[in-house]
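Please read the structure below before turning to the comments.
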Amino acid sequence: HNTSQKEILVHDAAKAVYLIKSTGRILWKVNVDSPVLSEIYQVDYYGNGKLQYMFSTQKEIYLLDRNGNNVERYPVKLRSDASNGISLFDYDKRREFRVFVAAENREVYVYDLQGNLVPGWTFGKSEGKVEKPIQHFRLGEKDYIVFSDQIRTYILDRKGKDRVKVRNNIAASKNNIFYFFE
């Protein structure tokens, strides 16, 4: 929903998520399974102009409606504990969202907005644990899915195949993010 009012969505150390009005009144509180790992995204799941909140914890992806209720089949249980928070991309700006999350088992999973694994994603395993958010860049007609572990940087296409093979190992710093320049 778009109320045109400012609201605050926050999570606390006790694994609860709150929606707070600009007046300070708590609209709702939802307990989650573990601390929130990801950015909190607003998405229009139903395509009707009303927004929901998407985020992830170590074990699940959540999608909450305006009233703090789970949407459809959410929360979606992850196949392996997450090693980073979700990243949400809309490749072609056609509202065909992809949700990326790296796992402790060194796999990277890609879900659609309905919470289904996306067929055709062929990435194997990373060499190390991916802890920072996965990023997406687009140049012309080409997509670049970019992330790193402690050993290597990966630059992939939409299917999980190498778009650019990084020849040397680059140990990215803890707070490193990638920038794409034309």
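Residue pairs whose Cβ atoms lie under 6 Å apart, sitting 6 or more positions apart in sequence or on different chains, and linking a residue in the stretch 140-151 that is closer than 16 Å to Asp90 by Cβ and open to solvent by less than 10 Å² (accessible area, probe 1.4 Å) to a partner that is of a type in the set (Ser, Thr, Tyr) and not in a strand (DSSP E or B), are Asp143/Tyr91. Looking across the stretch 106-117 at every residue that is open to solvent by 30 Å² or more (accessible area, probe 1.4 Å) and not in a strand (DSSP E or B), the one that is farthest from Ser83 (Cα to Cα) is identified as Gln114.
Per-residue answers, yes or no, for (1) open to solvent by less than 80 Å² (accessible area, probe 1.4 Å); (2) not hydrophobic (A, V, I, L, M, F, W, C):
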residue: Leu9; (1), (2): yes, no
residue: Val36; (1), (2): yes, no
residue: Tyr46; (1), (2): no, yes
residue: Leu63; (1), (2): yes, no
residue: Arg66; (1), (2): yes, yes
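Residue count for the stretch 126-179 satisfying the condition of being within 20 Å of Arg98 (Cα to Cα), in a loop (DSSP other than H, G, I, E, B) and touching a strand residue (DSSP E or B) at 6+ places or on another chain (Cβ under 6 Å): 6.
What do you reckon, is Phe55 under 11 Å from the mean Cα position of the chain (by Cα), of a type in the set (Phe, Trp, Tyr) and at pLDDT below 95? It is false that Phe55 is under 11 Å from the mean Cα position of the chain (by Cα), of a type in the set (Phe, Trp, Tyr) and at pLDDT below 95. Taking every residue in the stretch 75-93 that is without any contact (Cβ under 8 Å) to a residue 12 or more places away in the chain and pairing it with any residue that is open to solvent by 30 Å² or more (accessible area, probe 1.4 Å) and acidic (Asp, Glu), at least 6 positions away or on another chain, the pairs with Cβ-Cβ distances below 9 Å are Asp90/Glu96. Residue pairs whose Cβ atoms lie under 7 Å apart, separated by 6 or more positions or on different chains, with the first residue in the stretch 156-174 and farther than 21 Å from Val110 by Cβ and in contact (Cβ under 8 Å) with a residue 12 or more places away in the chain and the second of a type in the set (D, E, K, R) and surrounded by 12 or more Cβ atoms within 10 Å (Cβ to Cβ), are Asn169/Arg152. When Ile61, Ile20, Ile86 are checked against the criterion of being more than 17 Å from the chain's Cα centre (by Cα) and either closer than 24 Å to Val146 by Cβ or of a type outside the set (Lys, Arg) (or both), a single residue qualifies: Ile20. Of all residues in the stretch 45-68, those that are free of Cβ contacts under 8 Å to residues at least 12 places away in the same chain have Cβ atoms under 9 Å from Cβ atoms of residues that are open to solvent by less than 50 Å² (accessible area, probe 1.4 Å), 6 or more apart or on another chain, in Tyr46/Gln52; Tyr46/Val71.
Total residues in the stretch 118-128 satisfying the condition of being open to solvent by 70 Å² or more (accessible area, probe 1.4 Å) and not hydroxyl-bearing (Ser, Thr, Tyr): the figure is 3. Restricting Ser80, Ser87 to residues that are hydroxyl-bearing (Ser, Thr, Tyr), over 13 Å from Tyr154 (Cβ atoms), in contact with a strand residue (DSSP E or B) (Cβ under 6 Å, 6 or more places away or on another chain) and open to solvent by 20 Å² or more (accessible area, probe 1.4 Å) narrows the list to Ser80.
The values are calculated or read from the model by the stated rules, or taken from the named source; none is laboratory data. Worth saying up front: this structure is predicted, and the values here are computed from it rather than measured. We place every Cβ from the backbone using ideal geometry, glycine too, and count neighbours over all the protein chains shown. With ligands, DNA and RNA removed, areas are computed over all heavy atoms of the protein, side chains included. Shrake-Rupley method; radii C 1.70, N 1.55, O 1.52, S 1.80 Å.
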